[in-house]
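**Student:** If you scroll down you'll find the structure; I have some questions about it.
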Amino acid sequence: MRVLVCVKRVPAPGAKINVTGDGLAVDTTHLGFTTSPHEECALEEAVQIIEREGGEVVVLTLGPAEAEEQLRYAASVGGTGFVLIPNGGADWDPQRTASAIADAIRALEADGGEFDLIMFGNESADAGGFQVGVRVAHKLGRPIVNGIKGIEVTPEGFTAHRAIDTGVEVYKLPKPAVMGVKEGINLPRYPTMKGRLASRKAEIATMELNAPAGGQAMLKLHRPPEQPSTTEILGTGPEAAAAIVDLLDELGVL
Amino acid sequence: MSILLVVLEHDRGDLPVGSLEALTVGRDLAASMDASLEAVVVGDADLTAVAGEYGATAVHQVTNEMLADYGPDAWGEAVAQLVRSVAPAAVMAVGTDRGNEVMAQVAARLDLPFVANCLSVEAGDTWSMTRVQWGGSLLEDSTLTADTKLVSFAHHAIEAAPGGAASPTVKTFEADLDHSYTATMITDRVVLASGVTLSTAPVVVSGGRGVGSEDAFAPLEELAELLGGRVGCSRAVTNNGWRPHSDQVGQTGTRIAPEIYIACGISGAIQHWVGAMASKNILAINTDSDANMVTKAGYAVIADLHEVVPAISAEIRRRRGQ
Ligand SMILES: Cc1cc2nc3c(=O)[nH]c(=O)nc-3n(C[C@H](O)[C@H](O)[C@H](O)COP(=O)(O)OP(=O)(O)OC[C@H]3O[C@@H](n4cnc5c(N)ncnc54)[C@H](O)[C@@H]3O)c2cc1C
């Protein structure tokens with residue numbers, strides 16, 4: 001099984017998210033970076049699939065040069081091939097991103113054979129455009145379903161489970177297929193010491209690709225207005241229980 | 001007159017409230033564009049009456065035997081064909097998983113830009129919009145330049161309200177789909193949840209890293225049960241394997257809106273907060289009076305959750321005479 005996982009490097013803000021002075025990006029001065037959570041789970045799923053079926057997991061990211069960090073992390077948890085498409089540091093719009101990724105996939109397939117399965121995160125944690133995977137699948141002429149929280153490999157292709165409020169929808173996809181995966185499909189492993197050491201030696205292929213800008217242009221980021229709040233302190237120990245239960249009673253949930 | 005198409009998300013005729021939100025937003029947007037508001041119903045579902053109640057003057061019934069159930073490729077292709085035929089000024093849907101998926105499919109097929117999860121839109125030659133990033137923790141001002149504008153509106157951003165009652169003309173559009181589109185059709189459904197779910201529970205008792213272990217959730221379970229509520233948790237907890245992901249509240253988990261959210265040992269990172277902020281009341285139990293959860297909550301107890309949570313349950317039982 002040959003699997004491709006497309007991941008995005010995103011900042012990991014905590015209690016607050018700050019924007020740079022020009023309003024064009026998240027201020028990452030004091031922030032670490034991570035792989036967008038849905039994609040981290042997609043990678044784990046891909047690694048579990050090749051552990052069962054054999055094969056390889058190629059991990060691709062379009063991002064700044066520093067996204068090498070996320071590819072090395074992927075190497076430490078079981079990825080086998082790594083591709084970076086540098087974007088010069090500023091986010092590309094969804095159409096441009098999808099065109100470049102589709103071009104990269106065509107080149108990778110010409111070289112190493114078709115991917116049986118291509119996985120994206122359902123949406124990126126930061127921009128949340130909900131479309132890059134769908135656009136890439138369409139450019140490649142392959143079926144795609146989003147929101148996937150369960151994958152089984154079958155003789156014909158894949159059975160995929162999509163989570164909805166009340167349960168799951170079941171899809172049966174042929175090979176090759178594309179899926180948008182959601183966090184919760186698995187619990188991603190932590191890197192082992194051995195994995196970490198190996199990741200330092202992982203070879204990362206850089207593909208210089210570009211594509212024309214699409215029709216959506218970002219002007220500026222800003223924080224939503226904060227509702228002013230005052231906190232009523234009900235106590236500093238278990239004796240607060242009486243005040244809490246009074247409150248529950250008042251709210252009619254007792 | 002130009003046309004604003006609103007794609008109604010539905011599941012074999014069941015119309016989620018999000019579709020009514022889309023019509024509600026669409027009504028004002030169509031007025032500002034001097035366009036007619038027209039609904040798109042994929043498949044045979046009869047949604048004409050409700051579309052009319054919300055102001056649609058026409059319903060495009062998109063039919064084909066392959067549209068009996070949901071499939072993203074088939075829906076996307078069918079709507080794309082309708083768009084080519086009707087040439088609307090804009091197409092919109094609600095920004096649910098399914099709504100965004102269909103719009104992305106349409107956009108890919110027409111090679112047009114698509115702006116997901118808008119909160120407000122100003123129509124014009126070029127559109128200006130504010131949209132959601134980071135699940136709602138950050139907003140983005142954008143412009144959209146395209147012959148046909150494709151957008152979705154963030155789910156739950158507004159309340160659906162009927163208005164502009166019309167008796168829509170029904171226009172049938174037969175989509176041309178071959179069998180390749182069956183590849184992504186729903187083949188089966190499994191119903192899992194019954195009773196109170198996390199997203200509908202009146203009380204959610206949630207635990208974070210401060211709970212400390214899987215076993216230490218027992219007192220939270222007990223309190224939730226006494227209140228007819230559900231247990232939730234933070235991502236730190238699911239990452240540790242203490243609770244299943246289905247309990248996770250937040251950007252990549254469930255969005256909740258209970259009467260009261262009791263957040264125990266949760267710091268209140270933005271990605272957690274966006275999932276909890278629709279709660280009507282929040283009680284934070286935390287040892288750190290500076291924690292974001294505490295400063296944003298209406299009520300707080302600054303103490304060890306392991307002492308406070310059992311004391312609440314004991315007090316409830318005492319008052320109930322148990
Ligand atoms: C892209 C992205 C998406 C994310 N999505 C989500 C999401 O959907 N949901 C989510 O929850 N997180 C999400 N996160 C993670 C989030 O950023 C935080 O890491 C996480 O919410 C922290 O969980 P926590 O509050 O339990 O842990 P911590 O931040 O470690 O906080 C623990 C809290 O417990 C308190 N405490 C400790 N001991 C006690 C005690 N005995 N009694 C009382 N209080 C105590 C501490 O004072 C502290 O405030 C996401 C992160 C990223 C980058």
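The values are calculated or read from the model by the stated rules, or taken from the named source; none is laboratory data. All of these numbers come straight from a predicted model, not from anything done at the bench. So basically every Cβ, Gly included, is an ideal-geometry build from the backbone, and we count neighbours across all protein chains shown. Remember, those area values only see protein heavy atoms, side chains included, never the ligands or the DNA or RNA. Shrake-Rupley method; radii C 1.70, N 1.55, O 1.52, S 1.80 Å.
**Student:** Can you give me the % of accessible surface on segment B:2-182 that is carbon or sulfur? Probe 1.4 Å, all protein chains present, nothing else counted. List each step's numbers first, then the result.
**Tutor:** Details: 2940 of 6220 Å².
That share works out to 47 percent.
**Student:** Within a Cβ distance under 11 Å of A:Val168, other residues only, what is the Lys/Arg minus Asp/Glu net charge?
**Tutor:** That sum, taken over residues with Cβ under 11 Å, equals 0.
**Student:** For segment B:2-182, state what percent of all Cα-Cα pairs lands in each successive 10 Å bin, counting from 0 Å until the bin that includes the largest distance.
**Tutor:** Whole-percent P(r) values from 0 Å outward: 11, 42, 37, 10, 0.
**Student:** Now a separate question. Kirkwood Rh, Cα Rg: Rg to Rh for segment A:2-251? If you can, show how the numbers build up before the last one.
**Tutor:** Details: Rg = 21.0 Å, Rh = 20.0 Å.
Rg/Rh: 1.05.
**Student:** Can I ask one more? What's the average, rounded to a whole number, of partner chain beta-carbon atoms within 10 Å of each residue's beta-carbon in B:136-149?
**Tutor:** Numbers: counts 2, 8, 12, 7, 10, 7, 6, 5, 4, 4, 3, 1, 0, 1.
Taking all residues of B:136-149 together, the mean is 5.
**Student:** May I ask for the net charge around B:Leu110, where only other residues with Cβ less than 14 Å from the Cβ of B:Leu110 are counted and Lys, Arg are +1 while Asp, Glu are -1? Write out the running numbers ahead of the final one.
**Tutor:** Values: positive: A:Arg135, A:Lys139, B:Arg84, B:Arg109, B:Lys149; negative: B:Glu77, B:Asp111, B:Asp147.
Every neighbour counted, the sum reads +2.
**Student:** Between segment B:91-124 and segment B:212-275, how many Å separate their Cα centres?
**Tutor:** Spelled out, the Cα-based centre of one part sits 32 Å from the other.
**Student:** At 1.4 Å probe size, with no ligands or nucleic acids counted, give the accessible surface of B:Glu65 in Å², nearest ten.
**Tutor:** Estimated to the nearest 10 Å², B:Glu65 gives 150 Å².
**Student:** Counting DSSP beta bridges with both partners in the protein assembly as shown, what percentage is antiparallel, nearest 5?
**Tutor:** Numbers: 40 of 117 bridges.
Counting DSSP beta bridges with both partners in the protein assembly as shown, the antiparallel share is about 35 percent.
**Student:** If you don't mind, another one. For peptide B:305-314, compute the average count of partner chain beta-carbon atoms within 10 Å of each residue's beta-carbon. Don't skip to the answer; put the middle values down first.
**Tutor:** Working: counts 0, 1, 5, 9, 3, 2, 9, 7, 2, 3.
For this peptide, the per-residue mean of nearby foreign Cβ atoms is 4.
**Student:** Another question about this same structure. In segment A:83-203, carbon and sulfur make up what percent of the accessible area (probe 1.4 Å)? Kindly include the intermediate steps, with their values, before the conclusion.
**Tutor:** Numbers: 2500 of 4830 Å².
Within segment A:83-203, the accessible surface is 52 percent carbon and sulfur.
**Student:** Then there's this: Rg(Cα) of the protein assembly as shown divided by 2.2 N^0.38 Å?
**Tutor:** Numbers: Rg = 24.2 Å, N = 576, 2.2 N^0.38 = 24.6 Å.
For the protein assembly as shown, the normalised Cα radius of gyration is 0.98.
**Student:** Using Cα-Cα distances under 8 Å and only pairs 6 or more residues apart, what relative contact order does segment A:2-251 have, in percent? Numbers along the way, then the final one.
**Tutor:** Numbers: 458 pairs, mean separation 63.1, N = 250.
Relative contact order here is 25 percent.
**Student:** Moving to a separate point now. Going by a ≥ b ≥ c, the root eigenvalues of the Cα gyration tensor, does segment B:203-320 fall in the rounded group (a/c under 1.5), the prolate group (a/b larger than b/c) or the oblate group? Can you show the working numbers first?
**Tutor:** Values: a/c = 1.35, a/b = 1.23, b/c = 1.10.
Taking the square roots of the gyration eigenvalues as a ≥ b ≥ c, segment B:203-320 is rounded.
**Student:** Given bins 10 angstrom wide, list per bin the percent of all Cα-Cα distances in segment A:1-85, short to long.
**Tutor:** In order of increasing distance, the bins hold 18, 44, 25, 11, 3 percent.
**Student:** Further question: With +1 on the Cβ of every Lys and Arg and -1 on the Cβ of every Asp and Glu, and nothing else charged, how large is the dipole of the protein assembly as shown about its Cα centre, in debye rounded to the nearest 20?
**Tutor:** Values: 43 positive and 73 negative charges, 156 e Å.
About 740 debye.
**Student:** Separate question: Residues with amide H under 5 Å of A:Ile233's amide H, sequence separation 5 or more or different chain, H placed in the peptide plane at 1.01 Å from N; which?
**Tutor:** Answer set, sorted by chain and number: B:Ala300.
**Student:** With +1 assigned to the C-beta of every Lys and Arg and -1 to the C-beta of every Asp and Glu, and no other charges, what is the dipole magnitude of segment A:74-125 about the Cα centre in debye, to the nearest 20? Present the calculation step by step, with values, prior to reporting the outcome.
**Tutor:** Numbers: 2 positive and 8 negative charges, 25 e Å.
Value, rounded to 20: 120 debye.
**Student:** Using a 1.4 angstrom probe, figure out how much accessible area the protein assembly as shown has per residue, in square angstrom, rounded to the nearest whole.
**Tutor:** Details: 22720 Å² over 576 residues.
That works out to 39 Å² for each residue.
**Student:** So how much accessible surface do A and B hide from each other in total, probe 1.4 Å, in square angstrom to the nearest 100? If you can, show how the numbers build up before the last one.
**Tutor:** Values: alone 14360 and 15060 Å², together 22720 Å².
Buried area (both sides, nearest 100 Å²): 6700 Å².
**Student:** Rounded to the nearest Å, what's the spacing between the alpha carbon centres of segment A:1-68 and segment A:191-254? Just the number, please.
**Tutor:** Cα centroid of segment A:1-68 versus Cα centroid of segment A:191-254: 16 Å apart.
**Student:** Give me the net charge of B:Leu29's neighbourhood, meaning all other residues with Cβ under 14 Å from the Cβ of B:Leu29; Lys, Arg count +1, Asp, Glu -1. The partial results should precede the final answer.
**Tutor:** Working: positive: B:Arg27, B:Lys149; negative: B:Glu21, B:Asp28, B:Asp34, B:Glu38, B:Glu122.
Counting the neighbours of B:Leu29, the net charge comes to -3.
**Student:** Towards the positive end of the charge dipole of chain B, with charges on Cβ (+1 Lys, Arg; -1 Asp, Glu), say which of B:Leu5, B:Trp75, B:Leu220 has the farthest Cα.
**Tutor:** About the Cα centre, the residue reaching furthest to the positive side is B:Leu220.
**Student:** Turning to a different aspect of this structure: Working from Cα positions, state the angle (0 to 90°, nearest 10) between the long axis of helix A:241-250 and the longest principal axis of chain A.
**Tutor:** 80 degrees
**Student:** How large are Rg and Dmax for chain B when calculated on the C-alpha trace, in angstrom?
**Tutor:** Values for chain B (Cα only, Rg and Dmax): 22.9, 69 Å.
**Student:** Among B:Ala278, B:Val294, B:Ile312, which residue has its Cα furthest toward the positive end of the charge dipole of segment B:203-320, with +1 on Lys/Arg Cβ and -1 on Asp/Glu Cβ?
**Tutor:** My answer, from the dipole projection, is B:Ala278.
**Student:** Now a separate question. For chain B, calculate the relative contact order in percent as a whole number, restricting contacts to Cα pairs under 8 Å that are 6 or more residues apart. Let's see the in-between values first.
**Tutor:** Working: 715 pairs, mean separation 46.9, N = 322.
Averaging sequence separation for qualifying contacts and normalising by length gives 15 percent for chain B.
**Student:** In degrees between 0 and 90, to the nearest 10, how far off the longest principal axis of chain A does helix A:37-53 point, with axes built from Cα atoms?
**Tutor:** Roughly 50 degrees between the two axes.
**Student:** Just to be sure I understand: of the beta bridges DSSP finds with both ends in segment B:2-182, what percent are antiparallel, rounded to 5?
**Tutor:** Numbers: 12 of 41 bridges.
Expressed as a percentage, antiparallel bridges in segment B:2-182 total about 30.
**Student:** Relative to the Cα centre, what is the charge dipole magnitude of segment B:47-158, using +1 at the beta carbon of each Lys and Arg, -1 at the beta carbon of each Asp and Glu, and rounding to the nearest 20 debye? Kindly include the intermediate steps, with their values, before the conclusion.
**Tutor:** Details: 5 positive and 13 negative charges, 20 e Å.
My answer is approximately 100 debye.
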